[in-house]
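Only one structure is covered here, and it is reproduced in the block below.
The values are calculated or read from the model by the stated rules, or taken from the named source; none is laboratory data. Worth saying up front: this structure is predicted, and the values here are computed from it rather than measured. Because the Cβ atoms are built from the backbone with ideal geometry, glycine has one as well, and the counts that use them run over all protein chains shown. Heads up: the accessible areas ignore ligands, DNA and RNA and are worked out on the full protein's heavy atoms, side chains in. Shrake-Rupley method; radii C 1.70, N 1.55, O 1.52, S 1.80 Å.
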Amino acid sequence: MPRTPYIAANWKMHKTVAEAGEFVDALLPRIAATQSDVVICPPFTALTAVVERRYGTAVKVAAQNMHEAASGAFTGEVSAPMLVELDVEAVVLGHSERRQHFGETDEALARKVPAALAAGLEPILCVGESAEARDAEQTEAVLERQLVADLAAVEGGELGGVVIAYEPIWAIGTGRTATPEQAQEACAFIRDVLRERGAPAEEVRILYGGSVKPANAAELLGQPDIDGALVGGASLDPAEFAEIVAAA
Ligand code: PGA
């Protein structure tokens, strides 16, 4: 069975509750005919505003991070059960901005991914190499190291419930997109690593992220191993994001 395309809007630290509501109201009529999974990842404060508007539509809602514990003395953190209570369905884990600016480690991710799955949240695990690693031809080594470490505590069979986002750090927010060939090669490699880990690799959705725009979406999404996109900057405008959804 072909994999259902998966197009996710990673808003990062953008949009108030009011702005989130306006976005969803403008987006829904534009994507009414889509057969793809459309996922919106708002900041924690705007999760409920998006959840309430998307009932009865194809839109799913994801948080941008979570703590691995269900509760505890972790000031400033949010847990998987708290997200599930809001009817959030998925969670972005290991985004490179969290790894770079907030000290997110592979060890923490190895606990977060199974905690998300156990709570019934679909993890969207981000992996990707730096410019230096790509120049040193270390892309595959970095991807394999991240995947093996971050998924260490997930049984092969359970990996069908994980979404992987390949996001080369040098392409995020830079306007510099990976070529379709580079992105396809990395996503195919990720699928091979998952297969070796015992995953039902043909079922796993693997996304590309990094300066995806309406102008480059169709070519990227046309690659055999690219099943969707994690869109940052271009997901903030409903018309632009709807064009990317339409390209899938
Ligand atoms: P970008 O961000 O589309 O703005 O490059 C992608 C991401 O960080 O997920």
Show the residue pairs meeting these rules: Cβ distance below 9 Å; 6+ apart or different chains; first residue within the stretch 80-98 and more than 15 Å from V162 (Cα to Cα) and part of a strand (DSSP E or B); second residue among the charged types (D, E, K, R) and at pLDDT 95 or above. none
Scan the stretch 147-178 residue by residue and report those that are loosely packed, with under 14 Cβ neighbours inside 10 Å and among the hydrophobic types (A, V, I, L, M, F, W, C). none
Among the residues of the stretch 150-159, is there at least one that is part of a loop (DSSP other than H, G, I, E, B), within 11 Å of the ligand (Cβ to nearest atom) and modelled with pLDDT of 95 or more? no
Kindly indicate the residue of the stretch 119-146 that is of a type in the set (G, A, S) and closer than 20 Å to C41 by Cα and also most open to solvent (accessible area, probe 1.4 Å) among those meeting that condition. G120
Quick one: in the stretch 163-218, which of the residues that are under 13 Å from V231 (Cβ atoms) and hydrophobic (A, V, I, L, M, F, W, C) is farthest from the ligand (Cβ to nearest atom)? A215
Only one of these conditions is not met by V84: (1) open to solvent by 10 Å² or more (accessible area, probe 1.4 Å); (2) within 16 Å of the ligand (Cβ to nearest atom). Which number is it? (2)
Could you check, for the stretch 47-54, whether at least one of its residues is open to solvent by 40 Å² or more (accessible area, probe 1.4 Å) and closer than 20 Å to P5 by Cβ? no
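Every residue, every condition in (1) within 19 Å of the chain's Cα centre (by Cα); (2) polar (S, T, N, Q); (3) part of a strand (DSSP E or B), yes or no:
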position: K15; (1), (2), (3): yes, no, no
position: A33; (1), (2), (3): no, no, no
position: V51; (1), (2), (3): yes, no, no
position: G56; (1), (2), (3): no, no, no
position: K60; (1), (2), (3): yes, no, yes
Please go through the stretch 219-248 and pick out each residue that is within 16 Å of the ligand (Cβ to nearest atom), assigned to a loop (DSSP other than H, G, I, E, B) and surrounded by fewer than 18 Cβ atoms within 10 Å (Cβ to Cβ). L236, D237
Determine whether the stretch 19-41 contains at least one residue that is among the charged types (D, E, K, R) and over 18 Å from A242 (Cα atoms). no
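Quick check on the stretch 1-23: of everything there that is of a type in the set (V, I, T) and in contact (Cβ under 8 Å) with a residue 60 or more places away in the chain, which residue is least open to solvent (accessible area, probe 1.4 Å)?
Restricting to residues being of a type in the set (V, I, T) and in contact (Cβ under 8 Å) with a residue 60 or more places away in the chain, the top hit is I7.
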